[in-house]
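Worksheet: the structure to be examined is printed underneath.
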Amino acid sequence: MNSVFVPIHVKIIICYNEMTTMKIVLFGIIGLLLSIGMIVPSFAHTTVHVEPYEIEVGWGIEPPVVGMRNDIILKFIERGEKEGTFTGITSVFKDVDATVMFGGASKKIDVNSDPKPGYYFSPIIPTKTGTYLVELKGEIRGTPINIKIPVEDIEPTAVLDFPPSSSGGDIDITALKNAISSLQQDVSKLNLDETKVSSNGGIAYDFAILGLSIAAAAIILAIISLIKRK
């Protein structure tokens, strides 16, 4: 068999191209993994320490939006000797009372146990935007606790609205109101004989058309008002 001679510089170029391709693939995989990591949602929970316990409080759905049902999430753990290990504290709310606060208002809340040890939740519908506090009073396995923990601010619905709300609806309603007002003025002018027509039949026809126009505009305005209330 005849052997094919490949110049050494050609071999070097081939190896270099293969290495470059492998680097590109490797960097692509790393970039993909980083991008996946970057899109993992971060939760703005607040963590406090009451030795030997760690308490974390936040919202179940983030961003929290006014008027939408949510849950206050509470997590009670005790860190282990080995880094990254912990034990969930169970039956916390047998001896601890929880109160949610906003401004001068407060409400004692019922806290439910999550299947995961150390996790708890309390359903709530926040009715105002701003900062809420969770107050915890009592004791955890003999350790007294009396703290107030802020949770992420409640946002207006604009953060989730799509398409964005605008004043277009108000403009439409104003335009309809102006149209009705104009039609009513025309009717008044006809009643005062300010508008000249060629015959009595023409006047009757005009009145009919104007009446229908006013009725149609009023119906449209009522429909828009009903839609905006929902």
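The values are calculated or read from the model by the stated rules, or taken from the named source; none is laboratory data. Since this is a predicted model, take the numbers as computed values, not measurements. Heads up, the Cβs are rebuilt from the backbone with ideal geometry, glycines too, and the neighbour counts pull from every protein chain shown.
For Glu56, indicate whether it is part of a loop (DSSP other than H, G, I, E, B), within 18 Å of Tyr132 (Cβ to Cβ) and in contact with a strand residue (DSSP E or B) (Cβ under 8 Å, 6 or more places away or on another chain). So Glu56 fails the test. Leu160 meets all of the listed conditions (1) in contact (Cβ under 8 Å) with a residue 60 or more places away in the chain; (2) surrounded by 12 or more Cβ atoms within 10 Å (Cβ to Cβ); (3) not charged (D, E, K, R) but one, namely (2). When the range 76-101 is limited to residues that are closer than 14 Å to Tyr132 by Cα and crowded, with 16+ Cβ neighbours inside 10 Å, the one that is farthest from the chain's Cα centre (by Cα) turns out to be Ala98.
Residues that are out of contact with any helix residue (DSSP H, G or I) (no Cβ under 6 Å at 6 or more places or on another chain) and not in a loop (DSSP other than H, G, I, E, B) were ranked within the range 76-85; the one that is modelled with the lowest pLDDT is Arg79.
Considering Gly103, Gly88, Gly31, Gly118, the condition of being under 30 Å from Leu160 (Cα atoms) and at pLDDT 90 or above is satisfied by Gly103 alone.
Taking the range 120-143 as the range and being over 23 Å from the mean Cα position of the chain (by Cα), of a type outside the set (A, V, I, L, M) and surrounded by 11 or more Cβ atoms within 10 Å (Cβ to Cβ) as the test, the residues that pass are Glu135, Lys137, Gly138, Glu139, Arg141, Thr143. Only a single item in (1) over 21 Å from Pro150 (Cβ atoms); (2) touching a residue at least 12 places away in the same chain (Cβ under 8 Å); (3) out of contact with any Asp or Glu (no Cβ under 8 Å at 6 or more places or on another chain); (4) not hydrophobic (A, V, I, L, M, F, W, C) is not met by Thr127, and it is number (1).
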